[in-house]
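Just below is one structure, and these are the notes that go with it.
Each value in this text was obtained by applying a stated rule to the coordinates, not by laboratory testing. In this text the structure is predicted, and so the values were computed from the model without any measurement. When we count neighbours, we look across all protein chains shown, and the Cβ atoms used for this are built from the backbone with ideal geometry, even at glycine.
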Amino acid sequence: MTKVLVGTLYSGENEYEECLAAIRSQSFQNFDHLVIKDLPELEAHNKLYKTFIDQADKYDLLIKVDSDMVLCSSNLFENIVKKMMESPKIDVFSIAVQDFFSGELINGLNTYRNIVRWDFQRKTVFVDIPEVPIEKTLFDQKVLAPAAIHCKNPSKIQAFRYGLHRGLKSIQKIHSTTHWAFLEKTWRNFLRTKDVRIGLAVLGAELVYAGKFTKADVDYTNPKLGEMLDKYKAMNNREIKREILKLRFRNFGLLPGDLRRRYIRYLRSKNL
C-alpha cells in the first residue's frame, strides 16, 4: 500500500489548527505527518526535502500542505494517491488552490514522487522548485481543484510578509511575469474588497520595489518585518490605499506595467 509523508511548515500562520484538523480528517490515513516549526524558509524547506530523500525507501510520496492551507475535501489524499499510481510518468502533481489575496485559483498544493530531488545549494527565493522536467509535472486546475483554501484567515503580519515574499519573486529572473501578474490581481482585489490584510500584502510588495526589503528580511525570525509593520498595522483601508498609491507613484507607477516590472527588476537585482 502506498505510504505518504505529509509535510507542513509552520511560522505562525493563523490557519494552522484548521489545517491540522483537515489533514487528520482525510479518508486516506496511511501517512506520517512531519511538522517543521519556526525555521527560516530555506532551512525549513531543506529539512523537509532532505527528510523525504533520506527516507525514500519508506515513503512513496510527499504531499506538502503548508500551515496556511485548509484542505477542501476529506478525500483529497485518497484522490492524489490514486492519480499518482495511475500516472507513473508523473513525478510532481500540482493542484490549484483558492487564494485569499488574489481571489483566484493559483498553483499551490504539490505532491512529489520519492525519486524527486532538489538543489540544496540554491540561492533564490524560489526555495521549493524541484529538479524535474516540465513534462513530468501535472498541473490540475479543474478536476481536484481547489485542493485547499490558501490563507483563509491571515493575520496582518502574515499578509504583510506574504506580500514581501511575492514582491521579491516578481522581480526574480525566473517566473517574474507570473508573480507580477498575481500582485496586480491582488491590488485589484484590494480595491474591490477593501480588506486591510490584502492591502498590507500589496504594500509589502511595493516596499520591496522601493528597496526597503531584501530576501534576507522576509522570515518571521527577522525583527525588521514586525518593526516595519508597526507603522502600518493600525491603518484603515483608505490609509493603506493612500500609502500604496504613494509608493506606486515613486516606484515608476506611471510606466506601462511590464516596463515598470523590468525597470524595477533591473534596479533591485542586488537584493535577489
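Descriptive notes on the structure:
- Label-to-label distance for D32 and E78 is 2.5 nm, based on points extended 7 Å past Cα in the beta-carbon direction.
- Cα radius of gyration and Dmax for region 156-271 (Å): 12.9, 36
- Once the gyration tensor of the Cα atoms in the chain is diagonalised, the equivalent ellipsoid follows with semi-axes of 33, 19, 17 Å, ordered largest first.
- Cα-only Debye scattering, region 1-132: base-10 log of I(q)/I(0) at q = 0.16 Å⁻¹: -0.82
- Straight-line cross-link partners of K3 among the aspartates and glutamates, defined as a Cα under 14 Å from its Cα and at least 8 positions apart when in the same chain: D32, D57, D60, E78.
- Residues considered: L203, L71, L247. Largest GNM mean-square fluctuation over the chain, using C-alpha springs under 10 Å, is found at L247.
- For the pair K224 and L245, label points projected 7 Å from Cα toward Cβ lie 2.9 nm apart.
- Count, lysine Cα pairs under 21 Å in region 4-150, 8 or more residues apart or across chains: 24
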